[in-house]
Ligand SMILES: Cc1cc2nc3c(=O)[nH]c(=O)nc-3n(C[C@H](O)[C@H](O)[C@H](O)COP(=O)(O)OP(=O)(O)OC[C@H]3O[C@@H](n4cnc5c(N)ncnc54)[C@H](O)[C@@H]3O)c2cc1C
């Protein structure tokens, strides 16, 4: 079956937040796009699913980028650009850390409050603390003072340089730098440096020495500037509203549309083939699938681009970046009395610093019903907990071995969470356990990975690729593009991708956004 172009300006493979922001931005510029999603709901790792009266977030639930001011509030802006709005609930605390050596600290929305607490624990590092987080603020201020569009477009770079020359120079300075190098310049205390490591690890899954300073500046400042804000009704609301905006503007999304091949002619992308044999054509194809899945980098038979057409630059990329481990996730429905109303929403437990990057080394816990009780039936809370786990732990197991292993990880997680929430085990009303295999299957992500991490220490964000690829008319978007993982980061990638395509289609506004 062959479908003719339908006059589609672009086809977007995947409805993760990166894919949806690309689609909604293009639709807002007047383009007609088609989003093809293999699953039954939008959002990918930024979606939500419902079970027995509970609304669970698939992955992300600590949301940056929902502020009201500046330019880094990309989720607020992306929704607004398609006349949508997501009601959000401000979180007074970004997260609470439970660390070795009885070191417990929460990161308050109010910057001074957090810094004071850190100084009380490390009085001898007062200056270093202020200088490190102060430098992060400088990086953020550069980012926040210019409209964030495609760095690949020379005309944009030219305009933005004239609008904010100092910010541009500032960013150019920080682009090749990692947060760990800046931290080490100002801080000597080893425990405090470990703390900076977990501050980075909790969103970059890397210690500070491998975490780009641009991303650290963004995260460590936006949590106090725009703040952490939870979308009412669940994180999936962001994707649902982007889809509403896309459809209202005359573009479309199709679910259960599994793209198995990107079609090329004369080395140019010309369309896609679905698993039902259907072929759909457009002059522009955007892949929101990871680079490993798009180009079959570890298994040529599984890529969307046929083996002979995979550009060498993509193999080079996969030598520079490797997939981070996946997670074992628990989605629990629990009795309300287990959790005090004053408890913080997000928690991280590390028992041994040496285990930080290892299997089960960190435990992440989120209880979004503390912010939005509508996510669970009356008198219930939801808990989403996860711990890093590698796909190789879960391969080649019999069905029985797989189920036994799932229960072992479940018991491990419940035991650890019970340290901060006693009486949990007896009060669980509903449970779901996801493994790296679950993430691979339902999120369509290579090895169920959270995203790319450097194979070795790199020069900050410099080696991270932008949206264009070496295949003409094929673009990539999402967490394996600049600037990496996280909803706000992939929203940036979506803005950049739509801008780059917009300049090719000649539909970009000549003026920079307000
Ligand atoms: C457990 C977990 C917790 C997280 N916590 C946070 C957090 O608190 N805050 C935060 O900001 N970020 C968090 N993240 C990271 C964040 O969710 C991701 O970085 C981001 O959502 C990735 O977006 P993406 O656009 O790259 O696409 P994805 O989310 O990977 O979505 C890609 C979509 O494409 C579809 N697709 C793939 N291949 C095909 C194909 N061949 N045909 C059709 N469709 C296809 C998939 O089904 C999927 O829907 C978390 C992630 C995980 C897994």
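What follows is calculated from the coordinates using simple rules that are stated; it is not laboratory data. Since the structure is predicted, the reported quantities are computational estimates derived from the model, not experimental observations. So basically every Cβ, Gly included, is an ideal-geometry build from the backbone, and we count neighbours across all protein chains shown.
Going 7 Å from the Cα of residue 505 toward and past its Cβ, which residues in region 150-168 have a backbone nitrogen under 20 Å from where you end up? Label zone hits: 150-156. Once the C-beta distance of residue 418 and residue 301 is scaled by a Förster radius of 41 Å, the resulting FRET efficiency is 0.40 to the nearest 0.05.
Once the C-beta distance of residue 112 and residue 316 is scaled by a Förster radius of 51 Å, the resulting FRET efficiency is 0.70 to the nearest 0.05.
For region 1-128, what number results from the quotient of the Cα radius of gyration and 2.2 N^0.38 Å? The partial results should precede the final answer.
On the way: Rg = 20.8 Å, N = 128, 2.2 N^0.38 = 13.9 Å.
Compared with the compact-globule rule of thumb, region 1-128 sits at 1.50.
In this simple spin-label model, placing a label point 7 Å from the Cα along the Cα-to-Cβ direction at both residue 173 and residue 341 gives a separation of 4.8 nm. Pull out a ≥ b ≥ c, the square roots of the eigenvalues of the alpha-carbon gyration tensor of region 85-220, then state rounded if a/c is under 1.5, prolate if not and a/b is larger than b/c, and oblate in the remaining case. Because a/c hits 1.5 or more and a/b exceeds b/c, region 85-220 counts as prolate. Computed from the C-beta positions of residue 354 and residue 275 and an R0 of 60 Å, the FRET efficiency is 0.85 to the nearest 0.05.
Which of the peptides 436-448, 313-325 is most tightly packed, and how do the rest follow, going by the mean number of other Cβ atoms within 10 Å of each residue?
For the peptides 436-448, 313-325, the packing ranking is 436-448, 313-325.
Computed over the chain, the per-residue total of -39500 (n - 2.57) for DSSP H runs of n ≥ 4 gives a 222 nm mean residue ellipticity of -10500 deg cm²/dmol, rounded to 500. Inter-label distance, residue 69 to residue 379: 4.5 nm, where each label sits 7 Å from its Cα along the C-beta direction. Compared with the direct C-alpha span, the chain from residue 403 to residue 185 gains 73.7 nm at full extension, assuming 0.36 nm per residue.
At 7 Å along Cα-to-Cβ for each site, give me the label-to-label distance between residue 395 and residue 122 in nm. Placing both labels 7 Å along Cα→Cβ, they lie 3.9 nm apart.
What is the ratio of the Cα radius of gyration of region 393-439 to 2.2 N^0.38 Å, where N is its residue count, to two decimals?
In units of the globular-protein estimate, region 393-439 measures up at 1.29.
Please work out the Kirkwood hydrodynamic radius for the chain, using every pair of different C-alpha atoms, and report it in angstroms with one decimal place. By the Kirkwood definition, the hydrodynamic radius is 23.3 Å. For the chain, DSSP calls about 70 percent of its internal beta bridges antiparallel.
Each peptide among 205-214, 9-18 gets the average number of other Cβ atoms lying within 10 Å of its residues, and from highest to lowest they stand as 9-18, 205-214.
Here the peptides 60-67, 79-86, 468-475 are ranked by packing, the mean other Cβ count within 10 Å, and the order with the highest first is 60-67, 468-475, 79-86.
Stretching the chain fully between residue 256 and residue 472 yields a gain of 75.1 nm (0.36 nm per residue, less the alpha carbon separation). Oblate is the label for region 216-333, because a/c, from the alpha-carbon gyration tensor with a ≥ b ≥ c as root eigenvalues, is 1.5 or above and a/b does not exceed b/c.
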